[in-house]
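Everything below concerns the one structure shown next.
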Amino acid sequence: MSSLLEKIDKNRLPKHIAIIMDGNGRWAKEKGEDRLFGHYHGVESVRNIVEGCAELGVGYLTLYAFSTENWDRPEYEVVGLMELLVSTIRKEVESLNKNNIRLHVIGDMSMLPEYARNELNEALDITRENTGLNLVMALSYSGRWELLNAVKNIAFEVKQGRLQVEQINQDTLQHFLCTSDFPDPELMIRTSGEYRISNFLLYQLAYAELYFTNVRWPDFRKENLYEAIADYQNRERRFGKTSDQLEESETPV
Ligand code: IPE
Ligand code: IPE
Ligand code: MG
């Protein structure tokens, strides 16, 4: 069987792919297992997809791992997820480094237990100099939290006299988001058959191509990623313009 990889145009890859890794709990339930069993298996998909993106040469991969709303899940699940996060980072940091992958984190780190924060900070430090794939983990993250945070920080700058209201533009807002160092995602993938954004990158996804698949996250592998990228490459990104305008600008003069 030939791989979908051959269908992908390496010169037109999305620079930034964002993924809502959904469906772990249902995957486990369908097997008569506990939800945490699904989360454990989800880690294998993370490993596979990170590797797939690094091999392709994708610049940025953002993974939605835990939302601010997920704190309201049953305590055993929240604790299980935190422990899984810490043990995974501990196990994987060496291979991230070996593959020149730089780890980033976006989200409300103050909500994380201290042991998780320490582990993350260490991994951020260890991978800081790497120049390959940028792996952005969205942890205790939500788009509304991020925007609220940005508004507060901008207001503070104005109050301190360091910023004039008239100076505030889209670049200012961008600068105060957690993602100020990253380009906007061009492709957003959600697994497990849910058709919603669930408070993910609300500002940054303005013109992202959205791709939904029924595959549950623990079953998601490189081939599924290639399928999503091939689908993305078949779309016309118009950014508010007409099809004719795009064709005109492509025609060499
Ligand atoms: C995604 O899987 C992982 C997290 C949100 C942490 P879910 O745990 O949401 O799985 P479902 O959607 O209940 O199947
Ligand atoms: C979104 O999934 C958050 C993550 C994948 C981390 P949820 O499972 O929490 O979203 P809803 O509740 O189905 O919208
Ligand atoms: Mg879910």
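The values are calculated or read from the model by the stated rules, or taken from the named source; none is laboratory data. Remember, predicted model here, so these are calculated numbers, not experimental data. Methodologically, a virtual Cβ is constructed for each residue, glycine included, from the backbone with ideal geometry; neighbour enumeration extends over all protein chains shown. These accessible areas exclude ligands, DNA and RNA; they are computed on the full protein's heavy atoms, side chains included. Shrake-Rupley method; radii C 1.70, N 1.55, O 1.52, S 1.80 Å.
Screening Ile49 with (1) in a strand (DSSP E or B); (2) more than 11 Å from ligand 1 (Cβ to nearest atom) gives one miss only, at (1).
Do we have Asp181 as of a type in the set (Asp, Glu) and under 22 Å from His104 (Cα atoms) here?
Values: of a type in the set (Asp, Glu): yes; under 22 Å from His104 (Cα atoms): yes.
Taking the combined requirement at face value, the residue satisfies it.
Can we say Arg47 is surrounded by 13 or more Cβ atoms within 10 Å (Cβ to Cβ) and within 16 Å of ligand 3 (Cβ to nearest atom)? It is false that Arg47 is surrounded by 13 or more Cβ atoms within 10 Å (Cβ to Cβ) and within 16 Å of ligand 3 (Cβ to nearest atom). Within segment 204-218, restricting attention to residues that are within 16 Å of ligand 1 (Cβ to nearest atom) and not in a helix (DSSP H, G or I), the residue that is farthest from Met137 (Cα to Cα) is Asn214. All of Tyr232, Tyr226 fail the test of being part of a helix (DSSP H, G or I) and either free of Cβ contacts under 8 Å to residues at least 24 places away in the same chain or touching a strand residue (DSSP E or B) at 6+ places or on another chain (Cβ under 8 Å) (or both), apart from Tyr232. Of the numbered criteria (1) assigned to a loop (DSSP other than H, G, I, E, B); (2) in contact with a Leu (Cβ under 8 Å, 6 or more places away or on another chain); (3) surrounded by 19 or more Cβ atoms within 10 Å (Cβ to Cβ), the one Leu201 fails is (2).
Here segment 1-37 is the region considered, the condition is being over 19 Å from the mean Cα position of the chain (by Cα) and small (Gly, Ala, Ser), and the residue that is farthest from ligand 2 (Cβ to nearest atom) is Ser2. Return a yes/no flag: does segment 86-97 have any residue that is touching a Ser or Thr at 6+ places or on another chain (Cβ under 8 Å), part of a helix (DSSP H, G or I), over 26 Å from Asn48 (Cα atoms) and open to solvent by 30 Å² or more (accessible area, probe 1.4 Å). No - not one qualifying residue is present in segment 86-97. Across segment 171-202, the number of residues qualifying as hydroxyl-bearing (Ser, Thr, Tyr), more than 11 Å from the chain's Cα centre (by Cα) and more than 15 Å from ligand 1 (Cβ to nearest atom) comes to 2.
Look at Tyr40 and say whether it is under 23 Å from Leu96 (Cβ atoms) and either touching a strand residue (DSSP E or B) at 6+ places or on another chain (Cβ under 8 Å) or not in a helix (DSSP H, G or I) (or both). Talk me through it step by step, then tell me what you get.
Details: under 23 Å from Leu96 (Cβ atoms): yes; either touching a strand residue (DSSP E or B) at 6+ places or on another chain (Cβ under 8 Å) or not in a helix (DSSP H, G or I) (or both): no.
Judged against the criteria, Tyr40 is not a match.
The single residue among Arg128, Arg117, Arg102 that is without any contact (Cβ under 8 Å) to a residue 12 or more places away in the chain and open to solvent by 30 Å² or more (accessible area, probe 1.4 Å) turns out to be Arg117. Is segment 69-80 home to any residue that is part of a loop (DSSP other than H, G, I, E, B), without any contact (Cβ under 8 Å) to a residue 60 or more places away in the chain and either within 25 Å of Gln204 (Cβ to Cβ) or open to solvent by 30 Å² or more (accessible area, probe 1.4 Å) (or both)? Yes, segment 69-80 contains at least one residue that is part of a loop (DSSP other than H, G, I, E, B), without any contact (Cβ under 8 Å) to a residue 60 or more places away in the chain and either within 25 Å of Gln204 (Cβ to Cβ) or open to solvent by 30 Å² or more (accessible area, probe 1.4 Å) (or both). Set side by side, the residues Lys29, Lys10 differ, and just one is open to solvent by 30 Å² or more (accessible area, probe 1.4 Å) and more than 11 Å from ligand 1 (Cβ to nearest atom), which is Lys10.
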